[in-house]
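Q: Have a look at the structure that comes next, please.
The values are calculated or read from the model by the stated rules, or taken from the named source; none is laboratory data. Note that the coordinates shown come from a computational prediction; the quantities given were computed from them, not determined experimentally. Cβ coordinates were reconstructed from backbone atoms using ideal geometry, including for glycine residues, and neighbour counts include every protein chain displayed.
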């Protein structure tokens, strides 16, 4: 079966749970800071479980590795997982990254 999202990705995703903090503005333009985890990661982005409602295209900050990693990212995809009803966001780093879990 053809996976359109896999075809559109810039890099291969790896199933890896990483504790992260996401910061930005939610759907109502209120600032937020949320501690959460990734579901999978790649060199260019990640799938993150999110509690806040975030607008597609929003620029958010991702913080990981106890603050050793910090990067801006664009929310490229938002969906609710049919299996567990959790909201997930697909993010793409907005520029080159250093100290990410994949290099």
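Q: Here is a check on your reading of the model: is residue 22 modelled with pLDDT of 95 or more and under 24 Å from residue 83 (Cβ atoms)? I'd like the intermediate steps shown before the answer.
A: On the way: modelled with pLDDT of 95 or more: yes; under 24 Å from residue 83 (Cβ atoms): yes.
It is true that residue 22 is modelled with pLDDT of 95 or more and under 24 Å from residue 83 (Cβ atoms).
Q: Further question on the same structure: From 54, 49, grab the single residue that is assigned to a strand (DSSP E or B) and either at positive phi or in contact with a strand residue (DSSP E or B) (Cβ under 8 Å, 6 or more places away or on another chain) (or both).
A: 49
Q: Next question. Would you check which residues across segment 57-103 are surrounded by 11 or more Cβ atoms within 10 Å (Cβ to Cβ), under 17 Å from residue 14 (Cβ atoms) and more than 12 Å from the chain's Cα centre (by Cα) and list them?
A: 65, 69, 97, 99, 100, 101, 102
Q: Does segment 77-103 hold any residues that are farther than 16 Å from residue 17 by Cα and in a strand (DSSP E or B), and which are they?
A: Passing the criteria: 77, 78, 79, 80, 92, 93.
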